[in-house]
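First the structure, in the form of structure tokens, and then the observations on it.
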């Protein structure tokens, strides 16, 4: 049996071993010819992956002759036979240039003999292990959704010019357009005057204009209310015009009137505790005709008494609004304060200051200052961690992300960033869980999930996640699904200037499509950017066909 061992045939799938999801899988079908297998013999066959500096054995398989009283696969002496076998071993980088051999030991009774190893395959194609494992962290700008509609520098991103306004009402008696001294001397009107004067005089404020909106309450005849609201517009706008001239304030004055203030009526009703409030609001939603609305509301006699006392007097008014733009600090002022007196800046200004420089150390200083000035704002810790992550310092970034999470446990941005740390640390399962929790945080999450997908050999999923990004990993994912032209297109449009893995993957496309010039030119560019790639290229079976060629040897020497 040992002498004729060459008569045994082995079919290995794949013919050249590959690694996927961190393992080297192998399927072997062994065929013993007729009149070969001794009836009393037992053969133990062990696939072994051998490489420089070591070897890794797969699980052995045992077959036996017809007269052996054991429970192994039986091979007929007369007809021969076969065995099928599948196993996997964890991939290590040493296996990139290796051989799969079958070592067999045959025994008969107390005698045993070792066969010469039989080479059955080469290994291991390891392109998926070249995935650019550099997940993206996300900057924190907006702390939470601002539902107020009013700019808040503690929540919203930096705005250099912030719109602001102040509104005061002049109220009229029923059916009257006469201005009353009590109204003109009210606290609200006095504050409006001060606000307008200050906006006109202040260096960092610009008075954009003053608008007068006059109204009549929605009771009585529409024609009468139209004339009444127009008269109120006239008296109130004349008053405002005189006040502007008196204070020597230059501002555009606009005025308008609304015959019946149903919008104001609805707003006040919603805030009131008036009996039958819901019925009245239902009337407003059911009818658009003002006369029908008034009639139906008056039919609710008890409720209408409260409406007439509490709601309607507030609608007999002229609303005066001064619109202002608040002018923020210049970039130079913000940077000076960020470097010298960061406590003089609000959160939005500090976050903006960090965007005014590309110097990572300065960014770290600014975000560090923010953690001291605003220790309860998660964005300072998160963004400092993000800068460290951009520098590849994920271990240093992790505690900062954890601090950010303690301040905002549900923020998806932080989940993504913690996932990035887990991915770099090799905890793919934890990373995937965190990226899932970061859904909707940004395109960075898709990039990170694609890295996970490639590591799990889910190449089609990675292609979908990365489609159109033109990143090196999109090129790799498309290589792995056999789309070499799509891979090359993505790699040639890669926005990452000076990325050596882009050239490496282009070289793989060249090797797989027999485009030698593309392969050689890309390999030369890759090693010129990173000479450490030479040893990897020298053992990469993607280029096995060219190992002995002079140009290849010149690249890797």
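The values are calculated or read from the model by the stated rules, or taken from the named source; none is laboratory data. Quick caveat: nothing in here was measured; it's all calculated off a predicted structure. Backbone-built Cβ (ideal geometry, glycine too); neighbour counts: all protein chains shown.
Within the group 91, 10, 83, which residue is at pLDDT below 95 and under 52 Å from the mean Cα position of the chain (by Cα)?
Of 91, 10, 83, the one residue that is at pLDDT below 95 and under 52 Å from the mean Cα position of the chain (by Cα) is 83.
Within the stretch 45-96, considering only strands (runs of 3 or more DSSP E) that don't extend past its boundaries, which have at least 2 residues that are touching a residue at least 60 places away in the same chain (Cβ under 8 Å)?
So the answer is 81-90.
Consider the stretch 282-309. How many of its residues are under 53 Å from the mean Cα position of the chain (by Cα), in a helix (DSSP H, G or I) and either exposed (fewer than 11 other Cβ atoms within 10 Å of the Cβ) or at pLDDT 90 or above (or both)?
Of the residues in the stretch 282-309, 2 are under 53 Å from the mean Cα position of the chain (by Cα), in a helix (DSSP H, G or I) and either exposed (fewer than 11 other Cβ atoms within 10 Å of the Cβ) or at pLDDT 90 or above (or both).
Take residue 466 and tell me if it is touching a residue at least 40 places away in the same chain (Cβ under 8 Å) and surrounded by 24 or more Cβ atoms within 10 Å (Cβ to Cβ).
no
In this structure, does residue 251 turn out to be part of a loop (DSSP other than H, G, I, E, B), more than 30 Å from residue 300 (Cβ to Cβ) and within 47 Å of the chain's Cα centre (by Cα)?
It is true that residue 251 is part of a loop (DSSP other than H, G, I, E, B), more than 30 Å from residue 300 (Cβ to Cβ) and within 47 Å of the chain's Cα centre (by Cα).
So residue 273 clears everything in (1) under 16 Å from residue 311 (Cα atoms); (2) part of a helix (DSSP H, G or I) except one condition, right? Which one?
(2)
May I ask you to verify whether residue 158 is buried (at least 19 other Cβ atoms within 10 Å of the Cβ) and farther than 26 Å from residue 228 by Cβ?
yes
Does residue 11 satisfy the condition of being without any contact (Cβ under 8 Å) to a residue 12 or more places away in the chain and either surrounded by fewer than 18 Cβ atoms within 10 Å (Cβ to Cβ) or over 21 Å from residue 116 (Cβ atoms) (or both)?
no
Can you name the condition, by its number, that residue 29 falls short on among (1) modelled with pLDDT of 95 or more; (2) buried (at least 16 other Cβ atoms within 10 Å of the Cβ); (3) within 47 Å of the chain's Cα centre (by Cα)?
Of the numbered conditions (1) modelled with pLDDT of 95 or more; (2) buried (at least 16 other Cβ atoms within 10 Å of the Cβ); (3) within 47 Å of the chain's Cα centre (by Cα), the odd one out for residue 29 is (2).
Would you call residue 527 under 13 Å from residue 487 (Cβ atoms) and either surrounded by 15 or more Cβ atoms within 10 Å (Cβ to Cβ) or modelled with pLDDT under 95 (or both)?
For residue 527, the condition - under 13 Å from residue 487 (Cβ atoms) and either surrounded by 15 or more Cβ atoms within 10 Å (Cβ to Cβ) or modelled with pLDDT under 95 (or both) - is not met.
Which pairs have Cβ atoms under 9 Å, sit 6 or more apart or on different chains, and link a residue in the stretch 517-537 that is under 13 Å from residue 552 (Cα atoms) and not assigned by TED's automatic domain parsing to the domain that holds residue 496 to one that is modelled with pLDDT of 95 or more and not in a helix (DSSP H, G or I)?
The qualifying pairs do not exist here.
Run residue 408 past the list (1) at negative phi; (2) modelled with pLDDT of 95 or more; (3) crowded, with 17+ Cβ neighbours inside 10 Å and report the number of the one that doesn't hold.
(2)
Scan the stretch 169-193 residue by residue and report those that are in a loop (DSSP other than H, G, I, E, B) and within 24 Å of residue 250 (Cβ to Cβ).
179
How many residues does the stretch 423-451 contain that are over 12 Å from the mean Cα position of the chain (by Cα) and surrounded by fewer than 23 Cβ atoms within 10 Å (Cβ to Cβ)?
Total satisfying the criteria: 9.
Take the residues in the stretch 471-496 that are within 22 Å of the chain's Cα centre (by Cα) and surrounded by fewer than 18 Cβ atoms within 10 Å (Cβ to Cβ), then tell me which one is farthest from residue 531 (Cα to Cα).
Taking the candidates together, the pick is 493.
Could you list, in sequence order, the residues of the stretch 210-248 that are surrounded by fewer than 18 Cβ atoms within 10 Å (Cβ to Cβ) and not in a helix (DSSP H, G or I)?
220, 221, 247, 248
Go through (1) touching a helix residue (DSSP H, G or I) at 6+ places or on another chain (Cβ under 8 Å); (2) surrounded by 16 or more Cβ atoms within 10 Å (Cβ to Cβ); (3) within 21 Å of residue 224 (Cα to Cα); (4) modelled with pLDDT under 90 and name the single condition residue 277 misses.
It is condition (3) that residue 277 fails.
If we keep just the residues of the stretch 375-390 that are surrounded by fewer than 23 Cβ atoms within 10 Å (Cβ to Cβ) and in contact (Cβ under 8 Å) with a residue 60 or more places away in the chain, which is farthest from residue 421 (Cα to Cα)?
Looking at the filtered set, the residue picked out is 377.
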